[in-house]
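First comes the structure, then the notes that go with it.
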Amino acid sequence: MAAPLVLVVLVAVTVRAALYRSNLAAFISERVEVSSPLNAWKRVVEGLALLDLGVSPYSGAVFHETPLIIYLFHFLIEYAELVFMITDVLTAVALYLAIQDFNKVVFKKQKLLIELDKYAPDVAELIQTPMEMHYIPLKVALFYLLNPYTVMSCVAKSTCAINNTVIAFFILATIKGSAFLSAVFLALATYQSLYPLTLFAPALLYLLQRQFIPIKPKSKSFWLYTMQYAALYLCSLVVIICLSFFLLNSWDFIPSVYGFILSVPDLTPNIGLFWYFFAEMFEHFSLFFVCVFQINVFFYTIPLAIKLKEHPVFFMFVQIAIISIFKSYPTVGDVALYMAFLPVWNHLYRFLRNIFILSCVLIVCSLLFPVLWHLWIYAGSANSNFYYAITLTFNIGQILLVSDYFYAFLRREYYLTHGLHLTRPDGTEAMLVLK
């Protein structure tokens, strides 16, 4: 499997290197779908210029990245293109290794449940075989490296690529069963963009399963392990934040980064749901609705944790998708990360209801983004309503896609235990309806 992975990496690097040298690089870096006020490269360059002049990069209202990012590029600014290509490759390799290990766990669990007669007798066609699972890690790497969204983020030098790398290493550490590294990378991801805090729950559930600790609130071992993992996470986060303070000798980065993410003061158009709504909002009501919009990312974590406590990796996939849809400043790079996981769930394809239509919606919306932007900003023959309409359609498409996978996952799990051929008490064929 190493040779195909190397080939995919070489193709991906070649495509990125060619685009860096083309005239498209400047056009892509200016696209609002690819760069946001949080992760745009030109804002990082502005922050570096202020740092070189001995001025705090957070003294203005331009730079909103974390101190570790600005100090990273303070030393590597000459090799920025190489850094972004390496981060994409590292993300793909981390996801490849994580899914490789996950498939082994799935196969062992599946084998155990078959031996214990936990599956219905007529569900042989739903069981995943080693042959079917063999190429899934490669497909995941391929879906990430050659996804146009990922390529554009890399070419635009959006720091979203670095966030994705940190999350990928967090996923790898979690699936490998390393609580310490999982907590450290989760703390780094939270430090970078705040919203990965919600990934604490699926990581904890997976690690509890690895340790064979029952997920029961009355269990002492459950609470002990939860407190240990939470302590590792919080200590790592405190250390990273204190390191940032020592680098800058100031706490200015906290309101400039996290305050900016939560209060959404910059209403530059993007592929998210916030900008248009708050541009039209009376100032008096904005705080209330900012809270309502921000709660969306965190609101679904507990219900999902209850429903998917036995399936933490699928829970993680859904949660990453929710973050990419409902965060305040999303870009296509965020979408690319959860889309890389779609090959992992290819066994759900038979239960998906609208996959073709939703795929077409997402592709058409991606093509219409620059068209409607041109009509609004340059041609003057459209207005912000047109651009927001396509943004709204894109996000509805993503929500329906994730919902479709969620429905398909629950349906397959039900069939595994109750059988494919459901009957009513009177012997007639029954139809499965999930409410």
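So, for the chain, what is the accessible surface per residue at a probe of 1.4 Å, expressed in square angstrom?
Accessible area per residue: 48 Å².
Once you've got the GNM for the chain with C-alpha springs shorter than 10 Å, pick whichever of ILE136, ILE396, ILE114 has the biggest mean-square fluctuation.
The residue with the greatest mean-square fluctuation here is ILE114.
Got a number for carbon plus sulfur as a percent of the chain's accessible area, 1.4 Å probe?
Roughly 70 percent of what the probe reaches on the chain is carbon or sulfur.
Which angle between 0 and 90 degrees, to the nearest 10, do you get for helix 67-76 versus the longest principal axis of the chain when only C-alpha atoms count?
70 degrees
In the range 143-158, whose amide N lies under 15 Å from the spot 7 Å out along Cα-to-Cβ of LEU7? List them in ranges.
What the label zone holds, given the 15 Å backbone N cut-off, is 143.
Just to confirm the number: angle between the C-alpha axis of helix 179-193 and the first principal axis of the chain, 0 to 90 degrees, nearest 10?
40 degrees
If you line up the long axis of helix 220-248 against the longest principal axis of the chain, both from Cα atoms, how many degrees apart are they, to the nearest 10?
Result, in degrees: 10.
What share of all Cα pairs of the chain, in percent, falls into each consecutive 20 Å distance bin?
The calculated distribution, bin by bin, is 23, 57, 18, 1, 0.
Give me the distance in nm between label points sitting 7 Å out from Cα along the Cα-to-Cβ direction at LYS111 and SER263, one decimal.
The modelled label-to-label distance comes out at 5.7 nm.
Leaving out same-chain residues fewer than 8 places away, which aspartates and glutamates sit with a Cα under 17 Å from that of LYS111?
Filter leaves ASP101, ASP122, GLU125, GLU132, GLU310, GLU413.
Give the peptides 379-391, 60-72 in descending order of average Cβ contacts within 10 Å, highest first.
Descending packing order for the listed peptides: 60-72, 379-391.
So which lysines pass the test for LYS42, namely a Cα distance under 30 Å, with those fewer than 8 places away in the same chain ruled out?
Output for LYS42: LYS157, LYS327.
Using alpha carbon centroids, what distance separates the range 21-37 and the range 253-294, in Å?
For the range 21-37 versus the range 253-294, the Cα centre distance is 23 Å.
Please tell me the relative contact order of the range 1-344 in percent, rounded to the nearest whole number, where contacts are Cα pairs under 8 Å and at least six residues apart.
The normalised contact order for the range 1-344 reaches 24 percent.
The values are calculated or read from the model by the stated rules, or taken from the named source; none is laboratory data. Quick caveat, the model's predicted, so the values are computed rather than measured. Every residue, glycine among them, receives a Cβ derived from its backbone with ideal geometry; neighbour counts consider all protein chains shown. Remember, those area values only see protein heavy atoms, side chains included, never the ligands or the DNA or RNA. Shrake-Rupley method; radii C 1.70, N 1.55, O 1.52, S 1.80 Å.
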